[in-house]
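Please treat every number below as a calculation from the coordinates, not as lab data. All values derive from a computational prediction rather than experimental measurement. Cβ coordinates were reconstructed from backbone atoms using ideal geometry, including for glycine residues, and neighbour counts include every protein chain displayed.
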Amino acid sequence: MKNITKQMSTNRSMCFAEILPFRPPGGEKNMSSFPRDVNLDLVELFSVFFKPNRLLDSMAISKPGLFTLRDIDQKVVHKMHNHLVASLQTSNEFPAKISVVPNPNLDASKFPIIMGVDDGARCISSGMASQPVLKLEDRSIMDLYSNSNEAERFTFTCSFKDNTQRFESVAFPGWYLSTSHRSNRPLQLTNRLGEMKITDFYFRKV
């Protein structure tokens, strides 16, 4: 009986992984002390996923956060014909609810995130070609979170300015999520900041 109990304990311990606590930029412990430009909705999300001394198993995984994305021209991002499109909001157009989780393999101070739509069933990817191409791939956001070594092309780091933020591809450094100044155009990636594309967004928790 003792041997069985010991084996059960050993097997159970193999199902858990210790998660390191989230250490925010500058080491601040109180969210109210963060620099003004940091997105506190993201800080809260990271704090939930990286609780100190937390043990993680299949029953303890946090759910993705839900966010909406709007560019600085007030165009909302929504799904149209299996693409993400930025359009002026109307009574018939509502922003997509974007599922968001951190990538736990990367430096949390850069806020590396994985984003998905359709309840996290399809995730935003920079593609696998020599040049980045933004697309939606049929990958579960929680599978990517659990197997984050496979998540590089789905991961974007966040930088903040004046209550907006930019999303930089981890797989293609220097390439940023962008929209056109024209309505009803698909989201793309650009490496030419401050030129023809919009790269600053409002990213808010639903």
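Descriptive notes on the structure:
- Among Val43, Val48, the order by Cβ neighbours within 10 angstrom, fewest to most, reads Val48, Val43.
- Placing R0 at 22 angstrom, the Cβ-Cβ distance between Ser47 and Lys161 gives a FRET efficiency of 0.50 after rounding to 0.05.
- Cross-link pairs exceeding 21 Å in C-alpha to C-alpha distance, out of Lys135/Lys205; Lys51/Lys97; Lys97/Lys197; Lys79/Lys205; Lys51/Lys161, comprise Lys135/Lys205; Lys51/Lys97; Lys97/Lys197; Lys51/Lys161.
- Relative contact order, percent, the range 93-206 [alpha-carbon distance under 8 Å, six or more residues apart]: 19
- Kirkwood-type hydrodynamic radius, the range 128-206: 13.8 Å, calculated from all non-identical alpha-carbon pairs.
- If the chain linking Ser140 and Gln89 were pulled fully straight, counting 0.36 nm for each residue of separation and taking away their Cα-Cα distance, it would gain 15.6 nm.
- Subtracting the Cα-Cα distance of Lys79 and Ala171 from 0.36 nm times their residue separation leaves 30.8 nm of extension gain.
- Spin-label pair Asn191/Val206, simplified geometry with 7 Å Cα→Cβ offset, distance in nm: 3.4
- Shown here: the range 79-198, whose C-alpha atoms stretch 38, 31, 30 Å along the first, second and third principal axes, sorted largest to smallest.
- For the range 162-169, 3J(HN,Hα) per residue [Karplus equation, 6.51 cos²θ - 1.76 cosθ + 1.60, θ = phi - 60°, Hz, x = Gly/Pro]: 6, 6, 10, 8, 10, 10, 9, 5
- Neighbour counting of Cβ atoms within 10 Å sorts the residues Asp118, Asp138, fewest neighbours leading, into Asp138, Asp118.
- Taking only the C-alpha atoms of the range 81-128, Rg followed by Dmax gives 13.4, 40 Å.
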